[in-house]
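Enquirer: I have a structure here, written as structure tokens, and I will follow up with some questions on it.
The values are calculated or read from the model by the stated rules, or taken from the named source; none is laboratory data. Quick caveat, the model's predicted, so the values are computed rather than measured. Cβ sites come from the backbone with ideal geometry, for glycine too, and all protein chains shown count toward neighbours.
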Amino acid sequence: MQDPCQIVRKSYGDPIAEDLRFVVKSVVGEENFIDMQPNRSNNYCCGGGGGFLQSGMKAERLQYGKLKDDQIKATGADYCIAGCHNCHAQIHELSEHYGGNYPVVHLWTLICLSLGILGPNEREYLGDDLKDVLVFHPETAM
Amino acid sequence: MAEEAIKLGGKKKSFFIDKVKELLPEGGNLNLCLTCGACSSGCPATGLGGMDPRKFLRMAALGMDEEIIASDWPWMCTMCQRCIYVCPMKIDIPQLIFNARGLRPREERPKGILASCDMQLRNDSTSAMGATPEDFQFVVEDVLEEYQEAQPEFADMQAPIDKQGAEFFLNQNSREPVTEPDELVPLWKVLHLAGVDWTYGSKGWGGENYCMFLADNDSWEQVTRTTVDSANELGCKIFLNTE
């Protein structure tokens, strides 16, 4: 899980990083959660912030994100959760660019999946392993 | 009668770093660098364009203002503040970066950020993708209706716009309503099940703020005021920034 710089280091600090972990562990199961190193307030920015995504400096932005991609791969995790929109866009691109091809998901997607209320058309960012799991109203697939 | 004080020749040149120091509490500690390099060793932007945070601060301290203006590095730093977090002197390098962005004429700043800022100023949505308040309302109502029918367990789910007195004011990244509206729904479901009293604002619903990234302070203020005024006019108690 990416600790968003904006709400963790720049706003509420480690306590909200703990809240985030409480939610994520409740959703995916404690045994399935793997922290990146370093993390919480000490986490590295993914490179999606500060307007970088719109600056036109794509090569530099991807180079910036190499550290993040390495960090994610080192966990061996199947998925990366990005609660922040800019992080989601950037890490999703890093996953494809550096060939890790790990799915990058919004937190709301996994919350609804765990509650059994995630419909067939709300699964854009899930990997193939979860696309067909616990589909809510599968008959409404578009 | 005392003679007039003797004035020494030569004007003291005003440097960029001095101007930034005047803006910041404690001068941003910009004079306190121990050159330890903790900032640079943990900065993902180190090495890009041959630059790093320590080097950039040294350039400013040495009055190398022309080189700072010419450098693209302020646009490769995301101002994530990890450098402050690890700095023993808590030096505010990100504020130095932010103000360095503002040194260039507005039209010479990165085109993508500039265009996104201009788009946010076009109407009251404050959306960087240019969607109007009417577009937003149409999409939200259309998607909500579709899901209320397709998933009857959520027939009572709401996605209010301009609901007076709602507890939470929620903003939304433009990407969902404009390019992937189905992604709006999981968040609505979570709020519905949690019994949250919330609303979007037809004004200021766009969560992004590219004018801030552009270091265009007046436009940044205009975008922020639009959304804050919207929340206040609706009497919302808490502003929820999803961006």
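Enquirer: Would you point out which residue out of A:Tyr125, A:Tyr102 is touching a strand residue (DSSP E or B) at 6+ places or on another chain (Cβ under 9 Å), away from chain B (no Cβ under 13 Å) and in a loop (DSSP other than H, G, I, E, B)?
Expert: Matching residue, one of A:Tyr125, A:Tyr102: A:Tyr102.
Enquirer: Now, a different point. In the range B:85-118, which residue that is part of a helix (DSSP H, G or I) and without any contact (Cβ under 8 Å) to a residue 12 or more places away in the chain is surrounded by the fewest Cβ atoms within 10 Å (Cβ to Cβ)?
Expert: Looking at residues that are part of a helix (DSSP H, G or I) and without any contact (Cβ under 8 Å) to a residue 12 or more places away in the chain, I get B:Glu107.
Enquirer: Can you confirm whether B:Trp188 is touching a helix residue (DSSP H, G or I) at 6+ places or on another chain (Cβ under 7 Å) and either buried (at least 18 other Cβ atoms within 10 Å of the Cβ) or more than 10 Å from every other protein chain (Cβ to nearest Cβ) (or both)?
Expert: So B:Trp188 fails the test.
Enquirer: Might you let me know whether the range B:58-68 holds any residue that is modelled with pLDDT of 95 or more, touching a Pro at 6+ places or on another chain (Cβ under 9 Å), within 23 Å of A:Gln63 (Cβ to Cβ) and not assigned by TED's automatic domain parsing to the domain that holds B:Asn209?
Expert: Yes, some residue in the range B:58-68 is modelled with pLDDT of 95 or more, touching a Pro at 6+ places or on another chain (Cβ under 9 Å), within 23 Å of A:Gln63 (Cβ to Cβ) and not assigned by TED's automatic domain parsing to the domain that holds B:Asn209.
Enquirer: Name the residue, out of B:Gln148, B:Gln158, that is assigned by TED's automatic domain parsing to the domain that holds B:Val228 and outside any helix (DSSP H, G or I).
Expert: Just one listed residue meets the conditions, B:Gln158.
Enquirer: Moving on. Quick one: in the range B:203-243, of everything that is farther than 17 Å from B:Arg109 by Cβ and small (Gly, Ala, Ser), which residue is nearest to the other protein chains (Cβ to nearest Cβ)?
Expert: Step by step, filter the range B:203-243, then rank; the result is B:Gly207.
Enquirer: Cβ-Cβ distance below 7 Å, separation of 6 or more or different chains: which pairs start in the range A:23-50 with a residue that is more than 11 Å from chain B (Cβ to nearest Cβ) and end on one that is of a type in the set (Gly, Ala, Ser) and crowded, with 16+ Cβ neighbours inside 10 Å?
Expert: Short answer, once both residue conditions are applied: A:Ile34/A:Ala77.
Enquirer: Same structure again: Inspect all residues belonging to the range A:66-87 and state whether any of them is facing chain B (nearest Cβ under 8 Å), buried (at least 17 other Cβ atoms within 10 Å of the Cβ), among the small types (Gly, Ala, Ser) and outside any helix (DSSP H, G or I).
Expert: no
Enquirer: Do any residues in the range B:141-163 that are within 9 Å of another protein chain (Cβ to nearest Cβ) have Cβ atoms under 7 Å from those of residues that are basic (Lys, Arg), where the two are at least six apart or on different chains, and which pairs are they?
Expert: Pairs found: B:Phe154/B:Lys189.
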